[in-house]
Each structure stands twice: as C-alpha cells, then as structure tokens.
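**Q** Below you'll find the structure I mean.
The values are calculated or read from the model by the stated rules, or taken from the named source; none is laboratory data. Computed from a predicted structure; not experimentally measured. Counting neighbours? That spans all protein chains shown, and the Cβs are built from the backbone with ideal geometry, glycine included.
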Amino acid sequence: MRTGQTPTGHGFGSPAAAPSTRRPDTLVGRATARVLAYIALTKPRVIELLLVATIPAMLLADRGAVDIVLILSTLFGGWMGAASANSLNCVVDADIDKVMKRTERRPLARDAVPTRNAFVFGVVLGVASFAWLWWRANLLAGVLVVLTIAFYVLVYTMVLKRRTWQNVIWGGAAGCMPALVGWAAVTGSLSWEPVVLFLVVFFWTPPHTWALAMRYKDDYQAAGVPMLPVIATEEHVTKQILLYTWATVVTTLVLVPAAGLVYAAVALVAGVWFLVMAHQLYRSVRGGGSVKPLRLFLQSNNYLAIVFVGLSIDSVLGLQTVSQLLG
C-alpha cells in the first residue's frame, strides 16, 4: 500500500502566509496515511473472501426469505472479527513480514503503525465484534467469532504456521467459521448444512494457498515458514492440490439435497471447471512444461464465489429442494 503526503505547492503571498498554507496539507497527508495503514492491518482483500461464505449460509438457513438487516448486521460483526484476527496476525508476524517481498509493505513491516497500537486496535475490534453480534444476532454467533479469532491467532499464527507444513490445512479452519457464524445468526443453533459449508472452505483452502505458496516459495523459505512447496517437490505439491480439489468439489455436492436444482447445476459445472484447472497444473508439472500456479490461485477465488453465489440465488428463489423433488 503506497502512502504519501498531498502536494503542498508554493505560496505567492507574504512569507508569513506560507506555513499556514502548508501545514493543513501536511497534517491531512499524515492523517490519511495513518488511516490507510490501520485499514491495511485488517487485510481488506482477505476479509472479502472470508465474508463470502456468510451470506449463502444465512440465506440457506432462512430459505425463501431475505432479512437484509440481519445480513448486513452479521456482515458488519463478521468484518470486525476478521479485521481483529488479521490485525493481531500482523502483530505476531511482523518479523517475517519484513523478510518476505510479498508482505514487506504491510504496516508493521514498514513501521507505519506502532506495534502496541496495532495490538490494542485488534483487541478492541474483537471485543466490538463479539458485543455487536450478541446484540444484533445472538450469543452463539458472538461466541463463534471469538473462537475464530482465538484459533487464528493463537493456534494457527503462533503455533502451526512456523512449525509444520500442515499449517494451512488445520489453520485454515478459521477461514471456514463464517459459514457457522452466518447460520447461527439466523437460527441460534447449528446443523449439518453449515458444517458442509465449513468443509467446503476447509478443503478449498489448501489448494488455494499452496498454489500461491508455489509462486512465493523463496519468500516462505527465507522467512522460515515450512509451507508444503518449501519442503516438497512440485509434483508432490500439485498432487496434493489435486486431491484437495477433488475433496472440495465432492463436498459441494453433499449439500445438493438441501438445495435446489440451480445450486446443483452450478456446483457441478463449476466443480468440473475447477478440477480441469487442477489436473492441468498437475500434468504440466509431471510433463516438465510451463508451471503457472498463480493462475489456479486466482481462479480458485472465482470458483468459490461462483458456487456460493449459486447457492445464494437458489436459496432466495426458495424452490423445492432436491430431496423434496425426489421424495
């Protein structure tokens, strides 16, 4: 994120007037840079991905109806929770963020925000998220957000990330929680449907992340983070990507009985597309051709979005579910 001050220009009045024309611009520039730095702590692009699972879970839980106020309230609470987790993650990972080219421009890596301030910022966001969701939804939704923050920071960031190549597999569970939070916000309980959505994101996370890690393998190696592409061959990594891609697609189909034909068609077509990409990456490595893992990383975002949009549309339409049609 590039920061800077606004141009001050040159004054043509009396010398005494010059400081008064420059100081406001300087103060505004510094304030803007500071605000942007705090926003960067929350990793906005990551939050978008996390929240994409909340909406379909809520719409499926309240199939055929749309409570826009509750949805927006839950998204806001979830945003604060994710922002809290990401900010605290930046605090813990500040040392390795300075080493990695991909993260060297993060606020703490370039000393744009004091570490203590970032920590307080993250904690306040976490408390606010819990209080907001308890108030606007229910206690279960608030508790699930707190558990998500704690797991992401304490288990993934502080324990798993730097110790095992399975960091992404188990640590990715934090990114699956929005599906549970969304369902709980509507129903005040949990069921098998949000668990399936949880597992969709759980299985999707390794191929998505490992594809990116293949591109930035040297960065992770320099930082001492044992991502799978750092410790294994490309063939082994792409084989694991392929296996987890299959698990992802199969899991999306498990949800078909609770949804309608719209979701069934979208999940099937998008799944075939995702599998083709994963197989192409695996074959390119085995054949010694040009390997483009970043393409799979980018398209995996599109895949997940397409599946969840399909589920959302299907849920809003409220047509008969596949189980009802067959029964």
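**Q** Here are the criteria: (1) among the basic types (Lys, Arg); (2) touching a residue at least 40 places away in the same chain (Cβ under 8 Å); (3) within 16 Å of Pro107 (Cβ to Cβ). Tell me which single one Arg30 does not satisfy.
**A** Answer for Arg30: the failing condition is (2).
**Q** Which one is surrounded by the most Cβ atoms within 10 Å (Cβ to Cβ) among residues in the stretch 237-265 that are within 23 Å of Trp165 (Cα to Cα) and of a type outside the set (Val, Ile, Thr)?
**A** So the residue we want is Tyr244.
**Q** Which condition number in (1) farther than 25 Å from Val262 by Cα; (2) within 13 Å of the chain's Cα centre (by Cα); (3) not hydroxyl-bearing (Ser, Thr, Tyr) is the one that Val52 fails?
**A** Of everything listed in (1) farther than 25 Å from Val262 by Cα; (2) within 13 Å of the chain's Cα centre (by Cα); (3) not hydroxyl-bearing (Ser, Thr, Tyr), Val52 misses just condition (1).
**Q** Related question: With the checklist (1) assigned to a loop (DSSP other than H, G, I, E, B); (2) within 25 Å of the chain's Cα centre (by Cα) in hand, flag the one item Leu319 doesn't pass.
**A** (2)
**Q** I've got another one for you. Pairs only if they're at least six apart or on different chains, beta carbon under 9 angstrom, first in the stretch 283-301 and over 19 Å from Val201 (Cα atoms) and outside any helix (DSSP H, G or I), second among the acidic types (Asp, Glu) and modelled with pLDDT of 90 or more; list them, first residue then second.
**A** That search, which allows pairs on different chains as well, returns Val291/Glu234.
**Q** For the stretch 160-178, does any single residue satisfy the condition of being among the hydroxyl-bearing types (Ser, Thr, Tyr) and closer than 30 Å to Val269 by Cβ?
**A** Scanning the stretch 160-178, I find no residue that is among the hydroxyl-bearing types (Ser, Thr, Tyr) and closer than 30 Å to Val269 by Cβ, so the answer is no.
**Q** If we keep just the residues of the stretch 28-43 that are within 16 Å of Leu88 (Cβ to Cβ) and not hydrophobic (A, V, I, L, M, F, W, C), which is surrounded by the most Cβ atoms within 10 Å (Cβ to Cβ)?
**A** In this case the residue turns out to be Thr42.
**Q** I've got another one for you. In the stretch 96-111, which residues are surrounded by fewer than 18 Cβ atoms within 10 Å (Cβ to Cβ) and β-branched (Val, Ile, Thr)?
**A** Selection gives Val99 alone.
**Q** Now for a separate question. May I ask you to list pairs of residues, at least six apart or on different chains, whose Cβ atoms are under 8 Å apart, with the first in the stretch 263-278 being touching a residue at least 40 places away in the same chain (Cβ under 8 Å) and the second being acidic (Asp, Glu) and surrounded by 20 or more Cβ atoms within 10 Å (Cβ to Cβ)?
**A** Tyr263/Asp314; Val266/Asp314
**Q** Whether any residue in the stretch 283-293 is at pLDDT 95 or above and loosely packed, with under 15 Cβ neighbours inside 10 Å is what I want to check.
**A** No - not one qualifying residue is present in the stretch 283-293.
**Q** Can you tell me which residue is farthest from the chain's Cα centre (by Cα) among those in the stretch 294-316 that are crowded, with 16+ Cβ neighbours inside 10 Å, hydrophobic (A, V, I, L, M, F, W, C) and over 20 Å from Val66 (Cα atoms)?
**A** That would be Leu296.
**Q** Filtering the stretch 209-229 down to residues that are touching a helix residue (DSSP H, G or I) at 6+ places or on another chain (Cβ under 8 Å) and among the aromatic types (Phe, Trp, Tyr), which residue is surrounded by the fewest Cβ atoms within 10 Å (Cβ to Cβ)?
**A** Tyr220
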